[in-house]
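Everything on this sheet refers to the single structure shown next.
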Amino acid sequence: MWEILDLELIASGLRLSTPLILAALGGMFSERAGVVNIALDGIMIFGAFTGAVVAYETANPWYGLLAAMALGGLVAHIHGIASIRYQADQVVSGTAINLLAIGVPAVLSNALYNSTTVTPNIQLMLPIIHIPIISSIPILGTLLGKYSILVFFAFAMVPLSWFVIQKTSFGLRLRAVGENPEAAETAGINVYLMRYYAVWISGLLAGLGGAFLSIAHGSSYVNNISAGRGFIALAALIFGRYTPKLTLVGCMIFGIADAFQIRVQGVIPIPVQFIQMFPYVLTMIVLAGLMGRAHVPAADGIPYAQAK
Amino acid sequence: MFAVRLKQITKRFAQTLANDAVDINIRQETIHAIIGENGAGKTTIMEILYGFYQADAGEIELFGEKKEIANPQDAIDNGIGMVHQHFMLIPPMTVTENIILGLEPISRSGILQLVQAEERIRTLSDEYGLEIDPQAKVEDLSVGLQQRVEILKALYRDAEILILDEPTAVLTPLEVKEFFQILRRLKSQGKTIVIITHKLEEVLEISDDVTVMRNGKKVGELPTKDASANILANMMVGREVLFSLSKNDVTPGNTTLKVENLSVTVNDKPRLKNVSFELKEGEILGIAGVEGNGQTELVEILTGLLKLDTGTVWYLGEDITNLSARKIREKRIAHIPADRKAHGFLSTYTNAENQILGFHYREPFCRPNGFLNFPNIRENAKNLLKKFDVRPPLPDLQTGTLSGGNQQKLIVAREFSRHPRLLIIAQPTRGIDIGAIEFIHQQILDLRTEKVAVLLISAELEEIRSLSDRTLVMFEGEIAGEVSAATFDMEKVGMMMTGHR
């Protein structure tokens with residue numbers, strides 16, 4: 001069975017990390033600003049569905065991509081209205097969105113295509129980028145040679161997110177409203193607006209992560225396409241202590257574990273259901289080992305009553 | 001020239017008149033104290049000046065010009081800075097990040113220019129002798145230094161008028177001294193400073209003028225040189241305040257508490273080292289010292305909250321070392337903790353419920369079948385709230401809604417009501433107003449007259465001096481010295497507290 005542990009496993013792991021990275025970075029913006037976003041999974045599902053439908057209807061994956069982000073942002077905005085403006089319990093609001101994501105795509109898909117489980121295959125997938133010289137080098141070629149453009153985008157977002165959060169005034173204010181909104185407000189910062197920005201970003205990125213599944217990695221929306229990846233992304237975020245670099249590591253561990261379980265199916269004589277559990281069990285073990293050690297943004301999950 | 005003139009400021013919150021036509025005149029380049037009991041309206045009027053609230057009526061004049069201050073940003077733009085009682089800081093961020101927040105210097109591409117900001121903060125810090133490292137994380141700084149970060153925050157915003165709300169409440173005596181030096185330096189550099197406080201000695205020491213408030217009204221404004229603690233206290237409370245407590249002659253009786261060679265290590269750090277002392281019936285033994293020198297551990301050991309490594313605790317001739325908190329309470333040892341919110345009561349419980357904590361499991365509050373006896377619980381609360389003057393005296397009110405002084409009176413009522421033979425009381429008057437302080441001090445002295453042994457732990461030297469028969473000074477987990485009431489010398493005790501013998 002050891003022949004499955006090759007470079008192709010890593011490459012496939014990087015591909016599978018991509019939706020996790022996008023969603024986890026989205027979650028990072030939201031949580032660093034003090035809004036718990038367990039709706040990531042639901043937003044991914046909405047993104048995947050919208051992406052597939054729009055890409056199919058327009059025969060253009062780019063439109064699908066934009067539509068997925070837009071809808072992700074919109075769904076996140078609903079979470080924002082509930083948890084920022086109306087100071088609802090953020091976990092309850094997020095759960096509501098996750099529940100909606102189970103039902104709404106199925107209903108719409110049935111109305112549009114007479115199928116509650118799949119949408120038609122899209123005509124064109126997002127482009128695969130071949131890096132000219134590298135793809136011809138033996139080892140590097142396999143590792144870095146050809147990926148969907150979204151894979152490159154996701155990995156590029158990691159340092160970019162770090163830079164925005166640590167080095168810009170936007171990032172400083174975002175962290176401030178997540179740590180001590182009262183202090184931020186005293187310093188003249190509009191706490192609600194900052195939190196909306198953060199939630200929007202999380203929606204855009206999670207929607208994009210969903211679109212990756214339906215128009216880059218796959219070519220249609222199928223029921224429960226996220227398979228809990230939004231929650232794994234949250235786990236990676238906690239594993240990563242709410243910092244981009246470590247979160248990337250977390251996403252890659254889970255991505256490679258996912259790739260591993262796919263490749264190991266049928267290779268070793270264990271029922272496939274148990275093999276499929278592997279990345280999820282790994283999540284639980286990693287989280288149990290890490291719980292309580294990370295610095296959680298002090299105001300994370302706590303609604304704030306702004307003066308005006 | 002007046003830096004600030006507040007004219008006929010009136011502010012109403014729902015049913016209470018927080019400020020009633022208040023006039024305050026603050027001279028430029030002075031330190032102006034605003035004093036009053038909790039709820040007198042002193043913080044409210046300063047928050048109106050800072051734009052947190054809008055006055056219902058009245059005018060604000062800054063440096064001779066009439067100003068509208070609609071929000072804190074307006075106040076900042078007009079050169080007003082405010083340091084709140086609860087710091088508005090973000091602990092995991094650096095000093096620089098905290099200071100520039102909301103006013104970040106950025107390059108044209110939107111990148112923070114931290115280096116320039118650090119430079120400016122360092123310059124300001126040096127100018128006023130604040131000794132703050134701009135790169136330090138706020139969570140690594142002591143409370144005293146965090147306060148200076150708050151001051152720097154105001155200076156960074158070019159504040160000319162600095163409002164400080166109860167600035168010394170969180171400081172140790174040594175930090176207070178340094179803090180006053182900083183205030184004097186700020187004044188000498190042309191700043192105008194307003195401090196809100198209820199500590200009279202501090203007003204007399206640091207301020208140039210003082211405004212006294214009571215029940216939302218200004219009751220007086222005078223140069224500090226014309227004031228005395230008595231005058232100010234009488235104005236604040238509205239009646240004669242007895243500064244000299246009536247302390248009867250009590251001859252100490254038999255030994256109630258005797259501890260021998262107490263030592264304890266917490267988190268690998270030795271906190272108590274061979275502490276031994278005796279306490280007799282009808283005696284008040286003061287424990288003085290800067291907080292964090294073993295007093296907390298001593299209290300926790302005596303009340304069953306912390307286990308000893310070595311040593312013995314004798315109570316009325318019985319070895320009670322390492323007994324549980326419940327067993328200790330059953331022996332009529334009462335405990336009034338330093339941090340009442342954390343250890344004294346539950347803020348979401350009612351007064352009646354808080355009044356039985358620790359005695360809730362037995363008669364008359366608990367029936368033999370395990371159910372609580374609510375009629376008795378309410379009756380008990382009614383009597384105690386009245387007897388100990390807790391306001392408002394409502395058994396069903398959540399304790400968290402009471403003022404600090406009334407919360408403390410509630411705890412005192414509970415502990416005293418069980419007729420203790422030994423009282424362990426820590427920081428009994430922290431953060432409470434003069435009326436309540438006077439009341440609690442008198443209660444402690446009355447217990448002494450009844451031959452109860454009292455162990456009084458306090459960071460307020462004045463409190464220890466006025467109550468104790470004997471005083472032990474703690475420093476780094478050891479008894480650094482002992483003085484009797486007759487030989488108590490502030491200067492000497494202060495030296496012992498910082499390790500000089």
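Structure above, values below:
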read-out	value
Any hit, segment B:205-217, residues being open to solvent by 30 Å² or more (accessible area, probe 1.4 Å), at pLDDT 95 or above, over 22 Å from residue B:431 (Cα atoms) and outside any strand (DSSP E or B)	yes
Exclusive hit being open to solvent by 30 Å² or more (accessible area, probe 1.4 Å), in contact with a helix residue (DSSP H, G or I) (Cβ under 8 Å, 6 or more places away or on another chain), part of a loop (DSSP other than H, G, I, E, B) and farther than 27 Å from residue A:51 by Cα, set A:303, A:297	A:303
Qualifying positions in segment A:151-186 - open to solvent by less than 10 Å² (accessible area, probe 1.4 Å) and within 14 Å of another protein chain (Cβ to nearest Cβ)	A:165, A:171, A:172, A:174, A:176, A:177, A:178, A:183, A:184
Residues that are facing another protein chain (nearest Cβ under 10 Å) and β-branched (Val, Ile, Thr), drawn from segment A:187-204	A:189
So residue B:59, is it closer than 21 Å to residue B:183 by Cα and charged (D, E, K, R)	no
Residue in segment B:140-151 that is nearest to residue B:89 (Cα to Cα), counting only those that are under 21 Å from the mean Cα position of the chain (by Cα) and open to solvent by 20 Å² or more (accessible area, probe 1.4 Å)	B:146
Filtered residues of segment B:152-208 (kept if charged (D, E, K, R) and under 16 Å from the mean Cα position of the chain (by Cα))	B:165, B:166, B:175, B:199, B:201, B:202
Which numbered condition residue B:126 fails, given (1) charged (D, E, K, R); (2) away from every other protein chain (no Cβ under 13 Å); (3) within 25 Å of the chain's Cα centre (by Cα)	(3)
Selection count, segment B:399-423, where residues are open to solvent by 10 Å² or more (accessible area, probe 1.4 Å), touching a Phe, Trp or Tyr at 6+ places or on another chain (Cβ under 7 Å) and not in a loop (DSSP other than H, G, I, E, B)	1
Count of residues meeting criterion [closer than 20 Å to residue B:207 by Cβ and of a type in the set (Ser, Thr, Tyr)] in segment B:7-43	2
Pairs with Cβ under 8 Å, 6+ apart, first in segment A:26-54 and without any contact (Cβ under 8 Å) to a residue 60 or more places away in the chain and under 26 Å from residue A:117 (Cα atoms), second of a type outside the set (Phe, Trp, Tyr) and surrounded by 24 or more Cβ atoms within 10 Å (Cβ to Cβ)	A:54/A:64; A:54/A:68
Segment B:53-67: number of residues that are loosely packed, with under 14 Cβ neighbours inside 10 Å and within 14 Å of chain A (Cβ to nearest Cβ)	1
Test result for residue A:53, buried (at least 22 other Cβ atoms within 10 Å of the Cβ), modelled with pLDDT of 95 or more and not in a helix (DSSP H, G or I)	no
Test result for residue A:231, surrounded by fewer than 20 Cβ atoms within 10 Å (Cβ to Cβ) and either more than 14 Å from chain B (Cβ to nearest Cβ) or touching an Asp or Glu at 6+ places or on another chain (Cβ under 8 Å) (or both)	yes
Which listed residue, of B:245, B:222, B:232, is more than 22 Å from residue B:84 (Cα to Cα) and part of a strand (DSSP E or B)	B:222
Segment B:68-92, residues that are more than 7 Å from chain A (Cβ to nearest Cβ), part of a loop (DSSP other than H, G, I, E, B) and open to solvent by less than 30 Å² (accessible area, probe 1.4 Å)	B:69, B:79, B:84
In segment A:50-99, the residues that are among the aromatic types (Phe, Trp, Tyr) and more than 20 Å from the chain's Cα centre (by Cα)	A:56, A:86
Selected residue (only one of A:124, A:204 is touching a residue at least 60 places away in the same chain (Cβ under 8 Å) and in a loop (DSSP other than H, G, I, E, B))	A:124
For residue A:221: the one exception among (1) surrounded by 14 or more Cβ atoms within 10 Å (Cβ to Cβ); (2) more than 18 Å from the chain's Cα centre (by Cα); (3) more than 14 Å from residue A:28 (Cβ to Cβ); (4) not hydrophobic (A, V, I, L, M, F, W, C)	(2)
Top-ranked residue in segment B:32-52 [being in contact with a Ser or Thr (Cβ under 7 Å, 6 or more places away or on another chain) and closer than 26 Å to residue A:187 by Cβ; ranked as surrounded by the most Cβ atoms within 10 Å (Cβ to Cβ)]	B:34
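Every residue, every condition in (1) in a loop (DSSP other than H, G, I, E, B); (2) open to solvent by 10 Å² or more (accessible area, probe 1.4 Å), yes or no:
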position	(1), (2)
B:430	yes, yes
B:435	no, yes
B:440	no, no
B:443	no, yes
B:446	no, yes
B:455	no, no
B:464	no, no
B:472	no, no
B:481	no, yes
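The values are calculated or read from the model by the stated rules, or taken from the named source; none is laboratory data. Model, not experiment: these values are computed from the prediction. Counting neighbours? That spans all protein chains shown, and the Cβs are built from the backbone with ideal geometry, glycine included. Keep in mind that these areas ignore ligands, DNA and RNA; they rest on the heavy atoms of the full protein, side chains included. Shrake-Rupley method; radii C 1.70, N 1.55, O 1.52, S 1.80 Å.
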